[in-house]
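The values are calculated or read from the model by the stated rules, or taken from the named source; none is laboratory data. These figures come from a predicted structure and were not determined experimentally. In this analysis, Cβ positions are derived from the backbone assuming ideal geometry, glycine residues included, and neighbour counts consider all displayed protein chains. Heavy atoms of the whole protein, side chains included, go into the accessibility calculation; ligands, DNA and RNA do not. Shrake-Rupley method; radii C 1.70, N 1.55, O 1.52, S 1.80 Å.
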Amino acid sequence: MFDLITELARYNDLMISGSLETLYMVAMSLFFAIVGGIPLGVLTTITRQGHILPNKPLNFILDGIINIGRSIPFIILMVAVIPFTRMIVGTSIGTNAAIVPLSLAAIPFMGRVTDNAILEIDQGVVESAQSMGASPLQIVFKVLLPESLPAIILGLTLTAISLVSYSAMAGAIGGGGLGDIAIRYGYQRFQLAVMLETIVILVIMVQLIQYAGNQIASFFDHKA
């Protein structure tokens, strides 16, 4: 037991830097998921038949983008976009490089979450806004997004948790973070203590993200 504690102490700095790298990758990817995924989800919803801006061809394209993006396993996506990653950040390894495939995976995921969250809104609320002369833009920003905000926040929480898992996978191709540490030290060098510590840290991260997401969603849920 003493040897295990001593070994863990030797890798404290490594674990701290790996945790910070993981949080950095998740935070940046989540930012791009918000910037790209929420508008994608909103547009997918409002262009459906019977919604405020029905457009069947555009909806088909947007829905297809989301479905295709969500159907590609992340480990394959990472490898497939290596040339694109090099073009964007100049390298295919490291935390900045890992953000590219992480973001590409998170955007369609967040798009579907947003789409589903808005579809749960009672159509009568939308029709009431239309009857009062609200423009499509006003309906989006004053009705759809406020009404679906708690569900979107919970969706963001789920996306962040998925990104923690994906960031660990990114370590398989030199993406940095806790996944890279687990592979290089825990697996390749047979250091069980390091492997166990990375697992514990990842579990704690997920628990904290879930707790924070639930609390924020409850705060904005005026129905609660």
For this session: Please report, largest first and rounded to whole Å, the three semi-axes of the ellipsoid equivalent to segment 91-224, where each semi-axis is the square root of five times an eigenvalue of the C-alpha gyration tensor.
Result: 40, 17, 8
Problem set entry | P(r) histogram, all alpha-carbon pairs of the chain included - 10 Å bins from 0, percent | 8, 28, 28, 20, 10, 4, 1, 0
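Give me the percent of the accessible area of segment 1-143 that comes from carbon and sulfur atoms, probe 1.4 Å, all protein chains in place.
68
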Problem set entry | Phi-based couplings in Hz for segment 14-25 (Karplus 6.51, -1.76, 1.60; Gly and Pro marked x) | 5, 5, 5, 5, x, 5, 5, 5, 5, 5, 5, 4
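Dipole size in debye (nearest 20) for the chain around its Cα centre, Lys and Arg Cβ +1, Asp and Glu Cβ -1?
The calculated dipole for the chain is roughly 440 debye.
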Exercise. Taking θ as phi - 60°, what are the ³J(HN,Hα) couplings along segment 155-169 by the Karplus curve (6.51, -1.76, 1.60), each to the nearest whole Hz, with x for Gly and Pro?
Worked result: x, 4, 4, 4, 5, 4, 5, 4, 5, 4, 5, 5, 5, 5, 5
Exercise. Order of 148-154, 14-20 by packing, highest average Cβ count within 10 Å first?
Worked result: 148-154, 14-20
For this session: Figure the gain on full extension for residue 210 and residue 141 (residue separation times 0.36 nm, minus the Cα-Cα span) and round it to one decimal in nm.
Result: 22.2 nm
Exercise. Mean separation of Cα pairs under 8 Å and 6+ residues apart, divided by the residue count of segment 97-224: what relative contact order is that in percent?
Worked result: 26
For this session: Determine the principal axes of the Cα atoms in segment 26-91, then give the extent along each, sorted from largest to smallest and rounded to whole angstroms.
Result: 45, 22, 19
Seminar exercise, completed: Of the candidates 41, 165, 91, the farthest towards the positive dipole end of segment 1-220 (Lys/Arg Cβ +1, Asp/Glu Cβ -1, centred on the Cα centre) is 91
Problem set entry | Computed lengthening from residue 84 to residue 122, 0.36 nm per intervening residue step minus Cα-Cα distance | 9.6 nm
For this session: Using the Karplus curve 6.51 cos²θ - 1.76 cosθ + 1.60 with θ = phi - 60°, work out ³J(HN,Hα) for each residue of segment 112-128 in order, rounded to whole Hz, and write x for Gly and Pro.
Result: 5, 4, 5, 4, 5, 5, 6, 5, 6, 5, 4, 4, x, 5, 5, 5, 5
Exercise. FRET efficiency for residue 76 and residue 184, Cβ-Cβ distance as r, R0 = 22 Å, nearest 0.05?
Worked result: 0.50
Exercise. Once fully extended, how much extra length lies between residue 14 and residue 132, figured as 0.36 nm per residue of separation less the alpha-carbon to alpha-carbon distance?
Worked result: 36.6 nm
For this session: Within 10 Å, count the other beta carbons around each residue, average over each peptide in 68-74, 100-106, and list them highest first.
Result: 100-106, 68-74
